[in-house]
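The values are calculated or read from the model by the stated rules, or taken from the named source; none is laboratory data. No experiment lies behind these values; they were computed from the predicted model shown. When we count neighbours, we look across all protein chains shown, and the Cβ atoms used for this are built from the backbone with ideal geometry, even at glycine. Protein only, heavy atoms only, side chains kept; ligands, DNA and RNA dropped before computing areas. Shrake-Rupley method; radii C 1.70, N 1.55, O 1.52, S 1.80 Å.
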Amino acid sequence: MEDQITQMTSTTFLGKLAVFMEEGGVFMWVILAFWCFGVAIALERFFSLRRYGIKGKPLMDEIKKYVINNDVAQAIAFCSNAKSILPNVLKSGLMRANQSKEQISDAVEVKILETMPKVEKRLPSLILMANVSTLLGLLGTIYGLTQSFAAVAASDPASKAKLLALGISKAMNTTALGLISAISLMLIHSLLSGKAEKILSDMNEYSIKLIDLLGTRKGVSSRGGVSSREAA
């Protein structure tokens, strides 16, 4: 019984959706195509950002342990085994651990600049899809109303009300679908942008911490060397 009710509900929904699309005219399918394209971009970005992201604190704690133990090679190997973006950025600094603080900073900054486009890739396209969906909805509204008034002007009084209703239905349907597409894509863009900003923020935060850590390590080593010479 429940399966029959579910099937009937599904059939009714699909039927209403088909009527909704049919009454809206050709602009409905154009808006739907833009929405599907936007959703495809969103899915690709979601899985990419999920792969790029990593919890920075545990990673930094592990690297710090290796650096304090003067085992930079192991820290580099640890970062090499990770597939996320942050370990690769930190690895670029670790590769220059024996150089000056400025050289370490330059290496990290270059790596961040190389990585940023990968994180922000295609996100502006979601806003473009949302804006185009809104404009197509408005264009469909204008087209539907124009078609409706033209039909009413050339028809007999008995069919004017029906033609006017069909035209207004087409106009409102395109407006509704355009807004649904735009709102959903803008929300998705907001969520993905927040995730991308978190990844970029972690890169900046932990790269600065690594530069400071390596600089402190070099300073400690340098002071230790001076003491040894003085003792000699």
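The table for this structure:
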{"quantity": "Residues located in region 55-84, provided they are closer than 11 Å to TYR206 by Cβ and open to solvent by less than 30 Å² (accessible area, probe 1.4 Å)", "calculated": "GLY56, LEU59, MET60, ILE63"}
{"quantity": "Residue that is closer than 30 Å to ALA107 by Cα and among the polar types (S, T, N, Q), where the choices are SER207, SER190, SER169, SER184", "calculated": "SER207"}
{"quantity": "Qualifying residues in region 170-208 (those that are small (Gly, Ala, Ser) and open to solvent by less than 30 Å² (accessible area, probe 1.4 Å)) - the one modelled with the lowest pLDDT", "calculated": "ALA171"}
{"quantity": "Residues satisfying the stated conditions in region 22-35, i.e. without any contact (Cβ under 8 Å) to a residue 12 or more places away in the chain and open to solvent by less than 70 Å² (accessible area, probe 1.4 Å)", "calculated": "ALA33"}
{"quantity": "Count - residues of region 51-61 that are touching a residue at least 12 places away in the same chain (Cβ under 8 Å), farther than 17 Å from ASP212 by Cβ and assigned to a helix (DSSP H, G or I)", "calculated": "2"}
